[in-house]
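Structure first, commentary second.
The values are calculated or read from the model by the stated rules, or taken from the named source; none is laboratory data. If you're wondering where the values come from, they're calculated on a predicted model, not measured in any experiment. For neighbour counting, all protein chains shown are included, and Cβ atoms are generated from backbone atoms with ideal geometry for every residue, glycine included. Areas reflect the complete protein model, heavy atoms only, side chains present, ligands, DNA and RNA absent. Shrake-Rupley method; radii C 1.70, N 1.55, O 1.52, S 1.80 Å.
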Amino acid sequence: MRILLTLILIAAAAWSGYWYIGKTGVTEGFSAWLEARRAEGWAAETGTLETKGFPNRFDTTFTDITLADPDTGLAWQAPMFQILALSYKPNHVIAVWPDEQMVATPQEKYDLESSDMRASVVVGADLSLPLERTTLTAEELVVTPRSADQPTRAKAVRVAAERVAAHPSTYRLGLAADGLSPALEWRVRLDPAGKLPERFDAFEADVTVEFDKPWDRSAIEEARPQPRSIDIRLAKARWGRLELQAAGEVTVDDQGFPVGEVTVKARNWRDILKMAVDSGALPDAIAGTLEDGLGLISQMAGNPKTLDIPLNFKNGKVRLGPVPLGDAPLLRLR
């Protein structure tokens with residue numbers, strides 16, 4: 001009995017020592033990371049930094065945290081942020097955001113509100129911390145630009161990423177936004193008659209992206225990985241009687257523009273075309289010619305309300321057959 005008790009006490013003392021050493025290492029590691037960012041010219045401040053969770057957890061809490069990268073113009077502020085991990089599984093963490101936070105880009109500052117935003121993150125057993133998989137969820141998300149009281153809302157948002165086996169720089173990405181409600185100004189511009197519902201019925205995507213390097217700690221400390229090829233398995237948006245689906249593959253050229261073809265399936269396409277003109281996304285000068293051509297194609301396909309539209313991307317432009325539609329999007333991550 002004494003031997004058993006002694007063994008228990010030794011094991012408890014050893015585990016306590018392990019936890020204390022681990023807790024100290026976690027806290028000092030985060031402090032060193034913030035100090036390294038400041039040395040590079042970042043704003044990287046936190047009010048307090050504390051790790052708790054004995055005996056089985058390393059739960060780190062930051063208060064009044066600010067991160068700002070002068071090279072990209074991106075910044076983030078939050079009154080609290082937590083990184084939670086099991087002490088015996090430190091490569092799997094849970095990140096927890098507060099109900100209110102601020103994100104800034106070079107163009108705008110945004111206030112974010114949510115009732116529950118958290119992410120599960122699993123990284124590889126390597127000092128570079130390569131991302132293996134992650135899932136982020138947010139409930140009752142509200143995003144409001146500070147330049148205008150025009151919030152975009154969603155009942156729930158889910159974002160997931162998983163590294164493709166045997167392809168260290170390729171990730172399968174998923175997005176789903178339930179109850180997505182665009183800003184009022186945007187809805188009025190697209191739907192001035194108010195015939196469409198306030199919320200999207202569906203808004204989701206399933207995409208596989210190959211980047212020029214893996215997503216790891218260097219993505220924050222140095223530069224973001226840039227997309228090299230994109231396989232859109234399905235992207236779908238349904239808003240009342242209007243529906244768009246897209247699928248296709250593109251590569252990304254050295255300037256960051258897509259090259260390839262994406263097929264868009266549009267239901268009630270004439271209404272969608274009118275919305276594109278009303279919003280300024282499509283020049284009015286070509287809208288009539290485009291509508292006549294698309295009408296002929298849909299009649300030949302046997303369904304005048306539904307249309308399969310092949311969009312070609314090349315030389316920084318997007319075209320429908322020989323008809324230019326405008327500039328292609330620049331696919332660069334800051």
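Using a 10 angstrom cutoff on alpha carbons, build the Gaussian network for the chain and name the most mobile of Glu132, Glu243, Glu291.
Answer for the Gaussian network model of the chain: Glu291.
When the accessible area of the chain is split by element with a 1.4 Å probe, what percent falls to carbon and sulfur? Walk me through the numbers on the way to the answer.
Working: 11100 of 18870 Å².
C and S fraction of accessible area: 59 percent.
Just Lys23, Lys195, Lys305 to compare: in a GNM of the chain, with alpha carbon springs under 10 Å, which one fluctuates most?
Lys195
How high is the relative contact order of the chain, in percent, counting Cα pairs under 8 Å that sit 6 or more residues apart? Kindly include the intermediate steps, with their values, before the conclusion.
Working: 735 pairs, mean separation 26.3, N = 334.
Relative contact order here is 8 percent.
Run down the lysines and flag those whose C-alpha is under 23 Å from the C-alpha of Lys195, throwing out any fewer than 8 positions away in its chain.
Cross-link targets: Lys155, Lys236, Lys265, Lys274, Lys305.
Run down the lysines and flag those whose C-alpha is under 22 Å from the C-alpha of Lys23, throwing out any fewer than 8 positions away in its chain.
Lys52, Lys89
Could you calculate the FRET efficiency of Ala125 with Leu234 from 1/(1 + (r/R0)^6), where r is the beta carbon distance between them and R0 is 30 Å, rounded to 0.05? List each step's numbers first, then the result.
On the way: r = 34 Å, r/R0 = 1.12.
After rounding to 0.05, the efficiency reads 0.35.
For segment 75-100 and segment 171-235, what is the centre-to-centre distance using only Cα atoms, to the nearest Å?
What the calculation gives is 23 Å, centre to centre.
Just the accessible area per residue of the chain, please: how many Å² with a 1.4 Å probe?
So the chain comes to 57 Å² accessible per residue, rounded to a whole number.
Just one of (i) 5, 22, 29, 25, 14, 3, 0; (ii) 5, 20, 24, 19, 14, 9, 5, 2, 0, 0; (iii) 5, 18, 29, 23, 13, 7, 3, 1, 0, 0 is P(r) over Cα pairs in 10 Å bins from 0, in percent calculated from these coordinates, so which is it?
Recomputing P(r) over Cα pairs in 10 Å bins from 0, in percent here gives the entry labelled (iii).
When the chain is modelled as a GNM with alpha-carbon springs shorter than 10 Å, which of Leu49, Leu296, Leu190 fluctuates the most?
Looking only at Leu49, Leu296, Leu190, the largest GNM fluctuation is found for Leu296.
How much FRET efficiency would the formula 1/(1 + (r/R0)^6) give for Ile21 and Asp278, where r is the Cβ-Cβ distance and R0 is 41 Å, rounded to 0.05? Let's see the in-between values first.
Details: r = 63 Å, r/R0 = 1.54.
In this case the efficiency is close to 0.05.
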